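Here is the structure we will look at, set down as structure tokens.
The values are calculated or read from the model by the stated rules, or taken from the named source; none is laboratory data. Source: prediction; values computed, not measured. Neighbour counts are summed over all protein chains in view; Cβ atoms, including those assigned to glycine, are modelled from backbone coordinates with ideal geometry. Areas reflect the complete protein model, heavy atoms only, side chains present, ligands, DNA and RNA absent. Shrake-Rupley method; radii C 1.70, N 1.55, O 1.52, S 1.80 Å.
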Amino acid sequence: MNDMITMVDWARAQFALTAIYHWLFVPLTLGLGVIIAIMETVYYHTRDERWLATTKFWMTLFGVNFAIGVATGIILEFEFGTNWSNYSWFVGDIFGAPLAVEGILAFFMESTFIAVMFFGWKKVSPGFHLASTWLTALGASLSALWILVANAWMQYPTGCEFNPATMRNEMTDFWAVAFSPMAVNKVLHTVTSAWALGAAFVIGVSAWLLLKGRNDGHCRRSITVASWFGLAGILLTSITGDTSAVTVTELQPMKLAAMEGLYNGSTEQSIVAFGVINPSKTVDNDETPFLFDISIPYGLSLLAHHDPHAYVAGINDIIAGRAVNETGDTINTVSYAERIERGKAVRAMIARHDEATRAGNTDLADSLKASINADFKYFGYGYLERPQDAVPNVPLTFYTFHIMVTIGGYLVLFMALWVLLSWKPRLLTDRKPVVRRLWYLLAIITVPLTYLCSASGWIVAEVGRQPWTIQDLMPNHVAVSDLSAGYVQTTFWIFAVVFTALLIADVGIILSQIRRKSLTDLDKCND
């Protein structure tokens, strides 16, 4: 058992490592791809060579990032078969469907048209080349869409039914998987946040060039497109973030409680604007959840239900099965202790179903199948030892959620100010050099801050649903492969070295391209 726990920890660490490195490239690809397509559209309509030079500059940076993103993404998908084979067996029919669509349709589209985008400038018509650029950006977004659909299904398994004869979950409704409320919100929130990151990258690089006194015209063109696009992206991210909170409240209430460090819920629940978690606080003691906090009255009720008087359940309420109905009366739902017992009963019935099937007793097998399906939503709880095992890492979920929200609010203001400055450039150019320099430095710093915001969002999404690989159906220690911890530990360090080398190479190539291009091609087309 100890070796299994170690194996689970290393498998999770390896997957997290691969996902973190992969996500360094994906949002930039999604955001930068659309920005490039917009720039080329302007060139197509104006035939202004300055816009062509600007488009090609950002296209080069897009290409470097795209290539390494593909490499890390392929490894990420392979890890499902190597480290998480039980998971792949249990839900392969469902989880594999959106990934198959992604590979056949989306990846094929982007990999085909990206060749035209890079090498077809003088080989195809301007209209066809513009279409190829847009199709590359669309293909990247479609690729993200189907991967996010697969991830959303892990957060909210729907459109499927367990077959005790095969011991697998089988898809019953593809469209229920593709258009579940969790999938819709996750796709919109993630893609629009990637637009904001791509815009922040363009503004940050342009600010660096301006600090160096290079390519003023190129930078102003780039910032104009990126600031408007980034403002639209971050505003849409905020809107979809709000709808995502409502969805999480309904489908993953434990995650919402962890996001706010809320142990005992209430009606008219306040939200913590800033707080320091008490490291000694657990569900097993009565210590205060926070060492210090500043709260906004009614805030969490508004966020979770769009109703300032609504009841929001805390961690202890969810474990105990306490809730409040629409009339304000306290009611009992299914407690975690009962879920564990019913989950163990389902496991026992599955074993009896297997015995009945082998013995040819179809009547008993059919009766057991009906009973299994009635309580299968509690199946995963049957692998837990105690209710506390279903509580995620509260401090990590709380802090990353508040980091995400804080930086997101800052990005709204940041993008709005750049829109204003691109419309009224003299508001900045007429300022003292030290003011301009500080503003450009802030733009550069905003790039890693935006990455931190994006990564924090993913940590909230994934850590907040622990201990589940599939919400309520399969905990992590059941999903892993039968491998030694040493094997996974060895490959973890191999991947760490390889991914770090790829990241260093990526950053080095991007910086080299920025320096080289900023001194050559763009100067020829400068204002």
- Which numbered condition trips up Gly380, out of (1) in contact with a Leu (Cβ under 7 Å, 6 or more places away or on another chain); (2) farther than 30 Å from Ala461 by Cα? (2)
- Note on the structure: Being open to solvent by less than 20 Å² (accessible area, probe 1.4 Å), of a type outside the set (Ser, Thr, Tyr), touching a helix residue (DSSP H, G or I) at 6+ places or on another chain (Cβ under 8 Å) and part of a helix (DSSP H, G or I) narrows Asn86, Asn65 down to just Asn65
- Scan (1) modelled with pLDDT of 90 or more; (2) touching a strand residue (DSSP E or B) at 6+ places or on another chain (Cβ under 9 Å); (3) open to solvent by less than 50 Å² (accessible area, probe 1.4 Å) for the single condition Ala323 breaks and write down its number. (1)
- Considering the range 158-185, residues that are of a type outside the set (A, V, I, L, M) and under 24 Å from Ser238 (Cα atoms), and then whichever is surrounded by the fewest Cβ atoms within 10 Å (Cβ to Cβ), we arrive at Phe179
- Note on the structure: Expected single match for at pLDDT below 95, surrounded by fewer than 20 Cβ atoms within 10 Å (Cβ to Cβ) and within 29 Å of the chain's Cα centre (by Cα) among Ser295, Ser266 is Ser295
- Picked from the range 204-227 (must be part of a loop (DSSP other than H, G, I, E, B) and open to solvent by 10 Å² or more (accessible area, probe 1.4 Å)), the residue nearest to Leu441 (Cα to Cα) is Lys212
- Query: Within the bounds of the range 23-42, is there any residue that is of a type in the set (Ser, Thr, Tyr), without any contact (Cβ under 8 Å) to a residue 60 or more places away in the chain and assigned to a helix (DSSP H, G or I)?
  - Reply: no
- Just checking, which of Thr446, Thr469 is assigned to a strand (DSSP E or B) and at pLDDT 90 or above? Thr469
- Message: Exactly one condition in (1) over 23 Å from Pro181 (Cα atoms); (2) in a helix (DSSP H, G or I); (3) at pLDDT below 90 is false for Lys122; which is it?
- Response: (2)
- Message: Being surrounded by 15 or more Cβ atoms within 10 Å (Cβ to Cβ), in contact (Cβ under 8 Å) with a residue 12 or more places away in the chain, in contact with a helix residue (DSSP H, G or I) (Cβ under 6 Å, 6 or more places away or on another chain) and assigned to a helix (DSSP H, G or I): is that true of Val101 here?
- Response: yes
- Query: Just a yes or no: is a residue in the range 334-346 outside any helix (DSSP H, G or I) and of a type outside the set (A, V, I, L, M)?
  - Reply: yes
- Query: Residue check: is Thr282 free of Cβ contacts under 8 Å to residues at least 12 places away in the same chain, polar (S, T, N, Q) and part of a loop (DSSP other than H, G, I, E, B)?
  - Reply: no
- Message: For the condition among the polar types (S, T, N, Q), within 17 Å of Ala226 (Cβ to Cβ) and open to solvent by 20 Å² or more (accessible area, probe 1.4 Å), what is the one hit in Thr46, Thr54, Thr41?
- Response: Thr41
- Query: Here is a list of conditions, (1) open to solvent by 80 Å² or more (accessible area, probe 1.4 Å); (2) under 28 Å from Gly464 (Cα atoms); (3) of a type outside the set (Asp, Glu), and Arg358 meets all of them except one; can you say which number that is?
  - Reply: (2)
